[in-house]
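Take a look at the structure below.
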Amino acid sequence: MDTELQHTELNGVDDYIRALDSLCTMAGRTLSIFEKDFDGLGFNSEARYDALRRFLLASSINRLYLLAHDTRYLARDCPRMGMLLRQFSHSMQIYRTPPHMMNISEPFAVADDAHYVRRFHFDDTRGIFAINDPHGARALHSQFAEMWAASRPGVSATTTGL
């Protein structure tokens, strides 16, 4: 297994989407993703749905955490994420950040405390895809955990919650 640290510069939304796709396939136990609203990033694509579904089916202990400032896109316009949430409500959660966290503007995703993708700002398509970088991944995971603890459920697995 290749454990060499790799950092790849991302220079556009297409690079970012491809990096997220790769990260979703690399995740072995946990996948934590923070975005402004998830719109336009491939979360309703068949490929992303299939990758996340395979990840959640791989083991009953696998966990997918989605955190957003605004969860309306996921609830209204992203039926594939809704299907995943209904099927895997025991393994997947979608939370919304509280108003006092709206100033946090650097989206990121972390897989297994080893790999991550991050952009420098919601409005900046530049970023980095890091493979085998446990130090950077743990720092982002720690930030995610703090944000998650202060957040609340944003999308429910039931129709009444949507």
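Computed from the coordinates by the stated procedures, all read-outs in this text should not be read as laboratory data. For clarity, every value in this text was computed on a predicted model and none was experimentally measured. Here the Cβ positions follow ideal geometry from the backbone for every residue, glycine too, while neighbour counts run over all protein chains shown.
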Taking N as the residue count of the stretch 45-125, its alpha carbon Rg divided by 2.2 N^0.38 Å gives 1.16
With +1 on the Cβ of every Lys and Arg and -1 on the Cβ of every Asp and Glu, the dipole magnitude of the chain about its Cα centre, in debye rounded to the nearest 20, is 700
Taking every other residue with Cβ under 15 Å from the Cβ of Arg126 and scoring Lys and Arg +1, Asp and Glu -1, one gets -3
From DSSP H assignment alone, runs of 4+ in the chain each adding -39500 (n - 2.57), the sum over residues rounded to the nearest 500 puts [θ] at 222 nm at -11000 deg cm²/dmol
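Could you give the length gained on full extension between Leu57 and Ser89, defined as 0.36 nm per residue of separation minus the Cα-Cα distance, in nm?
So the chain would gain 10.3 nm between Leu57 and Ser89.
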Here the convex hull volume per residue of the stretch 90-162, taken over Cα atoms and given in Å³, is 114
One finds, for Ser45 and His7 with R0 = 41 angstrom and r their Cβ-Cβ distance, a FRET efficiency to the nearest 0.05 of 0.95
For the stretch 6-161, using Cα atoms only, the Rg and Dmax in Å read 14.2, 44
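When only C-alpha pairs under 8 Å and at least 6 residues apart count, what is the relative contact order of the chain, in percent? Don't skip to the answer; put the middle values down first.
Details: 308 pairs, mean separation 49.4, N = 162.
Reported relative contact order: 30 percent.
Counting Lys +1, Arg +1, Asp -1, Glu -1, what net charge surrounds Glu46 among other residues with beta carbon under 13 Å of its beta carbon?
Numbers: positive: Arg48, Arg53, Arg54, Arg80; negative: Asp21, Asp50.
With Lys, Arg at +1 and Asp, Glu at -1, the net is +2.
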